[in-house]
1. Among the residues of the range 103-138, what is the count of those that are in a strand (DSSP E or B) and over 27 Å from GLU78 (Cβ atoms)?
2. Condition check: open to solvent by less than 50 Å² (accessible area, probe 1.4 Å) and more than 30 Å from TRP99 (Cα to Cα). Does VAL11 satisfy that?
3. Taking SER151 as meeting all but one of (1) in contact (Cβ under 8 Å) with a residue 40 or more places away in the chain; (2) over 23 Å from ASN52 (Cβ atoms); (3) of a type in the set (S, T, N, Q), write down the number of the exception.
4. Evaluate the following for SER88: is it in the same structural domain as GLN34 (by the TED database) and open to solvent by 60 Å² or more (accessible area, probe 1.4 Å)?
5. Would you pick out the residues in the range 106-139 that are touching a residue at least 60 places away in the same chain (Cβ under 8 Å), farther than 15 Å from TYR10 by Cα and open to solvent by 70 Å² or more (accessible area, probe 1.4 Å)?
6. Determine which single condition GLN73 fails, assuming it passes every other condition in (1) surrounded by 11 or more Cβ atoms within 10 Å (Cβ to Cβ); (2) under 20 Å from MET84 (Cβ atoms).
7. Hey, GLU103 hits all of (1) under 25 Å from TYR10 (Cα atoms); (2) in contact (Cβ under 8 Å) with a residue 12 or more places away in the chain but one; which does it fall short on?
8. State the number of residues belonging to the range 67-83 that are farther than 10 Å from SER26 by Cα and part of a helix (DSSP H, G or I).
Amino acid sequence: AKQVVLATGYVMPDFVSSSLHKISSSWAIATPPQPAGGLWRDGALIWEASENYSYARTTTDNRIIMGGEDDDQVIEPEARDRLMPAKSEALLHRLNGLWSHAEPVAEFVWSGAFGTTTDGLPLIGRVPGHPRIHAAYGYGGNGITYSYLASRIIAASIAGNDQPWFDDFAIDRDAPKATP
């Protein structure tokens, strides 16, 4: 291939490394279909952005999906599974606090791993030492936005139209300096 683009979720091959990349785990629940009046108006996405964020959204069959409870210390699937009951209860508690009209029952529960970075920006660009390999990682749950950005940065880079601001997303960029 003339060019290769790696966008394989949170799993980075050994020759792609970044001191900023880390893997975190997240949990989610789905309620049974809610009775009339059990959902909020217009089915808007709710994003509660505290340090330990959570989100809630509705489905076309009137369920509520609630997610969050992220943990960057627990990444093995077996460890995530052991935490499933406690994390599910925590999400149900948050849901009840957020929207008390809902039936706070988890019909489905799941967890998964995702890649993020310590500075909150994705890793997008040429793989250092491999000029014809490009990568996109570390979306931190913002795949819709960052995948579009990655497609534009990588396409421009392949076309030879690199921009100075691409360095802000470079795979080998330095961690931001701490402010006093």
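The values are calculated or read from the model by the stated rules, or taken from the named source; none is laboratory data. Note that this is a predicted model, so its numbers are computed, not measured. Here Cβ is always computed from backbone atoms with ideal geometry, including for glycine, and neighbour counts include all displayed protein chains. For the accessible areas, the whole protein counts, side chains as well, though only heavy atoms, and no ligand, DNA or RNA atoms are used. Shrake-Rupley method; radii C 1.70, N 1.55, O 1.52, S 1.80 Å.
1. So the first thing to find is which residues in the range 103-138 are in a strand (DSSP E or B), and the list is 108-117, 123-127, 130-137.
Of the ones still in play, those that are also over 27 Å from GLU78 (Cβ atoms) are 123-127, 130-136.
Counting residues in the range 103-138 that are in a strand (DSSP E or B) and over 27 Å from GLU78 (Cβ atoms) gives 12.
2. Numbers: open to solvent by less than 50 Å² (accessible area, probe 1.4 Å): no; more than 30 Å from TRP99 (Cα to Cα): yes.
No.
3. Condition (1) is where SER151 drops out.
4. Details: in the same structural domain as GLN34 (by the TED database): yes; open to solvent by 60 Å² or more (accessible area, probe 1.4 Å): no.
So SER88 fails the test.
5. Selection gives GLU107, PHE108, TRP110, GLY129, ARG132.
6. The one condition GLN73 does not meet is (1).
7. (1)
8. Adding up the residues that qualify gives 6.
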